[in-house]
Amino acid sequence: MLIKKTKKSQLKESQLTSETHYLDRRSLLKKLGLGLASLPFIPSAQAGLFDLFSNDPSAADNSGLIFQREKLTYSSHPRYQLLKPLTPEKKILQYNNFYEFGTGKADPFEYGQQFKVKPWSLTIDGLVDKPITLNYEDLLKRFDIEERFYRMRCVEGWSMNIPWLGFTLATLLKSVSVQSGAKYVHFETLHDEQQMRGQASRRIGGSIDYPYVEALRLDEAMNPLTLLSVGLYGKTLAPQNGAPIRLVVPWKYGFKGIKSIVRITLTDKQPLNTWKKIAHSEYGFYANVNPNVDHPRWSQASERFIGEGNVFAQTRKDTLMFNGYGDEVAHLYKNLDLTRNY
Ligand SMILES: Nc1nc2c(c(=O)[nH]1)N[C@H]1C(S)=C(S)[C@@H](COP(=O)(O)O)O[C@H]1N2
Ligand SMILES: [Mo]
């Protein structure tokens, strides 16, 4: 058993998340023809979530974890070291969205422990002069790793402050010599039904057409804020956070931060991204955090910050334009209508 179980399993996710729309994306999937009753409500996973948000410090300990995270060597980036309070490591590791392992918040932690990151293969191809394939060791050794504290805001209305470790996407792209015709960067998650139960079952994986894909405009990809993360809290990533390498774009909603990437392709046409494919009226290509543009079914003006303490102690705070990174990125969207291009 991976997670310490309690008898509190009757507590529902609805009671653990204070936003009223906790099932938003599940209810969307229901509208698309998948009955909510058929979606998983796994009692042990719910118990895990209860532990996570209780005040018992021994709750949801990491004993029984199979996946081993390695210590990383890194420098600190003084400019991005000021954010506080940080979200506790335990919550970053156990409250996740990674539908390949299941749609419940505790599923990626519970069902991701056996995920294999060695060997890994990340290919960078398309409109580049020097296509390359990196292995697991390359991801950790080839580029200097730095620590940066970034806000993360999920489109569902919750947020965390996370101490990421990684290198800029720009550093990687410069090393492959991007051709002048390239306008977009496309990303793809591993497709492996043996390892990811949600990819093998449409019921468990939210009826998504896998692999999960995402994309950025080239100038967004080259922005110095855009990170490829290989770790957090001093160690390599856990499977549930997107091991061994995932994207972090702090001024955009969390779904842009595609996990467990195996391919990065430079293209001249705007690619489709997974959530836009599922519901383009609700999730766009840009997905810039914007308190003034509501989701069709809920407000984006504020968010529930996941910090210390139990779920009832969670604070709500105002959502910031571009998630607080306007100084660094507002210029990218000078000529864009951000209401139409949500
Ligand atoms: N491949 C893949 N990447 C994904 C997702 C997913 O389901 N599959 N979920 C996204 C969403 S909605 C969010 S909010 C973040 C969550 O990252 P975290 O669990 O590390 O906090 O991952 C994003 N990346
Ligand atoms: Mo999200």
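The values are calculated or read from the model by the stated rules, or taken from the named source; none is laboratory data. Bear in mind the structure is a predicted one, so any value in this text is a computation, not a measurement. All Cβ positions, even for glycine, are placed from backbone atoms using ideal geometry, and neighbour counts span all protein chains on display.
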> Considering only residues of the range 187-210 that are polar (S, T, N, Q) and in contact with a helix residue (DSSP H, G or I) (Cβ under 8 Å, 6 or more places away or on another chain), which is nearest to Ile258 (Cα to Cα)?
Replying inline: Thr189
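Just to check your reading of the model, which residue among Gly198, Gly206 is among the small types (Gly, Ala, Ser), at positive phi, crowded, with 19+ Cβ neighbours inside 10 Å and within 16 Å of ligand 1 (Cβ to nearest atom)? Can you show your working first?
On the way: Gly198 fails: at positive phi.
Answer to the check: Gly206.
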> Within the range 255-273, can you find the residues that are farther than 18 Å from Leu237 by Cα, β-branched (Val, Ile, Thr) and either more than 15 Å from ligand 1 (Cβ to nearest atom) or surrounded by fewer than 20 Cβ atoms within 10 Å (Cβ to Cβ) (or both)?
Replying inline: Thr265, Thr267
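Go through the range 114-194 and tell me which strands (runs of 3 or more DSSP E), entirely inside it, have 2 or more residues that are within 16 Å of ligand 1 (Cβ to nearest atom) and among the basic types (Lys, Arg).
Numbers: elements: 121-126, 132-135, 146-153, 158-168, 184-189.
Those strands (runs of 3 or more DSSP E) span 146-153.
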> Among (1) modelled with pLDDT of 95 or more; (2) under 22 Å from the mean Cα position of the chain (by Cα), where does Lys130 come up short?
Replying inline: (2)
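Can you tell which of Lys235, Lys252 is modelled with pLDDT of 95 or more and surrounded by 24 or more Cβ atoms within 10 Å (Cβ to Cβ)? Can you show your working first?
Numbers: Lys235 fails: surrounded by 24 or more Cβ atoms within 10 Å (Cβ to Cβ).
Sole residue among the options that is modelled with pLDDT of 95 or more and surrounded by 24 or more Cβ atoms within 10 Å (Cβ to Cβ): Lys252.
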> Which fully enclosed strands (runs of 3 or more DSSP E) of the range 214-318 have 2 or more residues being more than 15 Å from ligand 2 (Cβ to nearest atom) and out of contact with any Asp or Glu (no Cβ under 7 Å at 6 or more places or on another chain)?
Replying inline: 227-232, 261-267, 315-318
